Amino acid sequence: MTDRAESAVAFIDVHKWYGRVHVLRGISLSVASGERLVICGPSGSGKSTMIRCINRLEHHEKGRIIVEGMELSDDPRALAAIRREVGMVFQSFNLFPHLSVLDNCTLAPIRVRGLSRGEAEDRAMEYLKRVRIPEQARKFPPQLSGGQQQRVAIARALCMQPKIMLFDEPTSALDPEMVREVLDVMIELAESGMTMLCVTHEMGFARRVADRLLFMDRGEIVESGSPQEMFDNPRTERLRGFLNQILHHG
Amino acid sequence: MRVLRDGRGDMARRFVSPLITLFLSLLLALGAWRFFSWALWHAVWTLPPGSNTDLCRAALGHGACWAVIGEKFRFILFGFYPYAQQWRAALVILCFITLFALSLSQRFWRPSLALIWGSGLVVIAILMWGGVFGLAFVPEDQWGGLPITLLLATLGLAFAFPLAILVALARRAEGLPVIRWLAIAYVELIRGVPLISLLFMASVMLPLFLPNGWNIDKLLRAQLAFVLFAGAYLAEVVRAGLAALPRGQYEGAAALGLSYWQATRLIILPQALRHVIPMLVNTFIGFFKDTSLVLIIGIFDLMTTGRTATMEPAWQGFANEVYLLLAAIYFGFCFTMARISRRLEQRLSAPHHSIEEPA
Ligand SMILES: Nc1ncnc2c1ncn2[C@@H]1O[C@H](COP(=O)(O)OP(=O)(O)O)[C@@H](O)[C@H]1O
Ligand SMILES: [Mg+2]
């Protein structure tokens, strides 16, 4: 256990089925504390499913997942403890439209971490400044652009001061001109030493911040390594085909 | 209506539709004229003291007899509630109206409104029953009229609504098949039978199944039947609201570490209920009027006292006047509910208010 306790996230031969469809086929992976991992792969290859298993938005059927030294199981207390330490940013933002930006950011720190409203608001303003939209704090999510909403979503997750951040295609739903502002925030976060697992096809981002790139296909991790060596010398035919597609159409 | 674009359509627009408008206006004016002539000009407003109803009988057919209201309004409003104590029932009606009026004003839309309603209901219970503070005790079987209607409707909906939320949540609880199955069975069973038969069962059959010596008051049994009935219908409305919410809202809340109940209370329900306010209030209004069905098990609600008042031989033939009064009273309350609903919708659709309670 000692070696795994050091890693932020560990998958040990994890399998998952949707009905009879085998979507994760024996994932084994260890992410070190402070590591920045980028996951890519064709649509339907199981990337979302894999990172959603980390905070149990999906259940795995076989194998073990250990997050910050705690094993995921049906024990609700372990799950609550893990979710406190894992922040997540979704493709579709999933902000709460009936709450102001500020309330979106303070809700969980108050209810889950037990902060006072004052503390939570100070902290929320701090992170809203870091994602560069403190002036929108009183607005409601539907009044913001997609890029602004996604930055609020990042701030909301950071307000819980998680040890690990998960990103599931955070820029895929954005208009092209807004991708940059979200990536900039993510790059800053990566440079601050946060443990990050990002599903994204932004290869520029991967090249710039990723310690390791993971290529998934059909529920398996096909290849992994530094972005440099994977871009320059893809070892498998599948990765080569994928990179060709992305670089020419992306 | 699309043909209005061609030549013949233009003809229709220029000549026919003004004619139709004119004709309908005339018809309406004639109807209104005849109604006011009956209700105002030729109406008998009072009868001389000690006289019989001959004056009204003479006007029967062309003039309203509002004297029947003056004569019978205390019975219609309060039923067999002891005559000397009827000021208490009147106060109860006033309490209800105050509570409704407060709920209409946005200044009172805060958690303390629940507290106001709670204490209002305690005051109402004390007034109706008495037995404390020197008030004479009045058993439930002497209650009647408008207080009964308001009690049945208000308490019925007050209990049915939380029940409906729990049932709707249970119906969506995929991890708990037994609870889910029970919720489905409850909704489908209750929806599948008429309210009248449910009231009959509550009033006639329930006592047969209760252990000897147990006795639940008839009014309470009717109230129970009513809660169960309204609960099933409201549960379906709430479920529609829950189903309309994108999955991402649940996931966003879960990923932040909120527990199921926290997510439900703070994220899911506020949005789900907001979507279905018009349908909820529609159901509320329907059930307010459905309380009148308790007349078939012999409870003297407003509708029953009204009917009874018109059955007395001397006053037979003057049911129109009484039913108009009843309609006006029902309309007043239902319209108020509709207004509250409109204001809630407007307020909640404006993105400038958070309905999150203070921590
Ligand atoms: N809720 C679900 N029910 C059934 N199949 C699903 C569900 N979610 C995803 N899948 C399937 O699982 C596979 C992996 O999906 P996903 O993890 O979303 O892929 P990716 O994120 O890499 O595009 C796909 O074949 C998809 O069709
Ligand atoms: Mg995906």
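Below is a table of values for the structure above.
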read-out: B:Leu266 being in contact (Cβ under 8 Å) with a residue 60 or more places away in the chain, more than 30 Å from B:Leu77 (Cα to Cα) and within 14 Å of another protein chain (Cβ to nearest Cβ); value: yes
read-out: From the options B:Leu176, B:Leu228, B:Leu195, B:Leu220, residue that is more than 14 Å from chain A (Cβ to nearest Cβ), over 30 Å from B:Glu345 (Cα atoms) and at pLDDT below 95; value: B:Leu220
read-out: Residue ID - most open to solvent (accessible area, probe 1.4 Å), chosen from residues in the range A:110-157 that are acidic (Asp, Glu) and within 12 Å of chain B (Cβ to nearest Cβ); value: A:Glu119
read-out: All positions within the range A:58-75 that are away from ligand 2 (no atom under 12 Å from the Cβ) and outside any strand (DSSP E or B); value: A:His59, A:His60, A:Glu61, A:Glu68, A:Gly69, A:Leu72, A:Ser73, A:Asp74, A:Asp75
read-out: Boolean, B:His62 is open to solvent by 70 Å² or more (accessible area, probe 1.4 Å) and in contact with a Ser or Thr (Cβ under 8 Å, 6 or more places away or on another chain); value: yes
read-out: Test for A:Thr200: is it within 16 Å of ligand 2 (Cβ to nearest atom) and either away from every other protein chain (no Cβ under 14 Å) or surrounded by fewer than 21 Cβ atoms within 10 Å (Cβ to Cβ) (or both); value: yes
read-out: Set A:Ser92, A:Ser100: member being of a type in the set (Ser, Thr, Tyr), more than 26 Å from A:Arg212 (Cβ to Cβ), within 16 Å of ligand 2 (Cβ to nearest atom) and at the interface with chain B (Cβ under 10 Å from one of its Cβ atoms); value: A:Ser92
read-out: Residue check, B:Met205 loosely packed, with under 15 Cβ neighbours inside 10 Å, more than 14 Å from chain A (Cβ to nearest Cβ), modelled with pLDDT under 85 and under 30 Å from B:Trp66 (Cα atoms); value: no
read-out: Residue check, B:Arg14 open to solvent by 70 Å² or more (accessible area, probe 1.4 Å) and closer than 30 Å to B:Leu150 by Cα; value: no
read-out: Test set (1) within 16 Å of ligand 2 (Cβ to nearest atom); (2) assigned to a strand (DSSP E or B) - A:Phe242 fails condition number; value: (2)
read-out: Condition broken by A:Ala78, with the remaining ones in (1) open to solvent by less than 30 Å² (accessible area, probe 1.4 Å); (2) among the small types (Gly, Ala, Ser); (3) within 11 Å of another protein chain (Cβ to nearest Cβ) satisfied; value: (3)
read-out: Qualifying position, being in a helix (DSSP H, G or I), open to solvent by less than 50 Å² (accessible area, probe 1.4 Å) and out of contact with any Leu (no Cβ under 7 Å at 6 or more places or on another chain), among B:Thr305, B:Thr283; value: B:Thr305
read-out: Residue in the range B:221-241 that is more than 26 Å from the chain's Cα centre (by Cα) and not in a loop (DSSP other than H, G, I, E, B) present; value: no
read-out: Subset of the range A:41-57 [near ligand 2 (Cβ under 10 Å from one of its atoms) and closer than 20 Å to A:Arg77 by Cβ]; value: none
read-out: Which listed residue is open to solvent by 20 Å² or more (accessible area, probe 1.4 Å), within 21 Å of B:Arg307 (Cβ to Cβ) and among the aromatic types (Phe, Trp, Tyr), from B:Phe200, B:Phe161; value: B:Phe200
read-out: Within the range A:127-226, strands (runs of 3 or more DSSP E) holding 3 or more residues that are more than 16 Å from ligand 1 (Cβ to nearest atom) and basic (Lys, Arg); value: none
read-out: Complete set of residues in the range A:14-57 that are within 8 Å of ligand 1 (Cβ to nearest atom) and either within 14 Å of chain B (Cβ to nearest Cβ) or assigned to a loop (DSSP other than H, G, I, E, B) (or both); value: A:Gly19, A:Gly41, A:Pro42, A:Ser43, A:Gly44, A:Ser45, A:Gly46, A:Ser48, A:Thr49, A:Arg52
read-out: Of residues in the range A:33-51 being touching a helix residue (DSSP H, G or I) at 6+ places or on another chain (Cβ under 8 Å) and open to solvent by 10 Å² or more (accessible area, probe 1.4 Å), the one farthest from A:Glu68 (Cα to Cα); value: A:Pro42
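The values are calculated or read from the model by the stated rules, or taken from the named source; none is laboratory data. What you see is a predicted model, and the numbers here were worked out from it, not measured in a lab. Please note: Cβ atoms are built from the backbone with ideal geometry, for glycine as well, and neighbour counts cover all protein chains shown. Just so you know, the surface numbers come from the protein's heavy atoms only, side chains and all, with ligands and any DNA or RNA stripped out. Shrake-Rupley method; radii C 1.70, N 1.55, O 1.52, S 1.80 Å.
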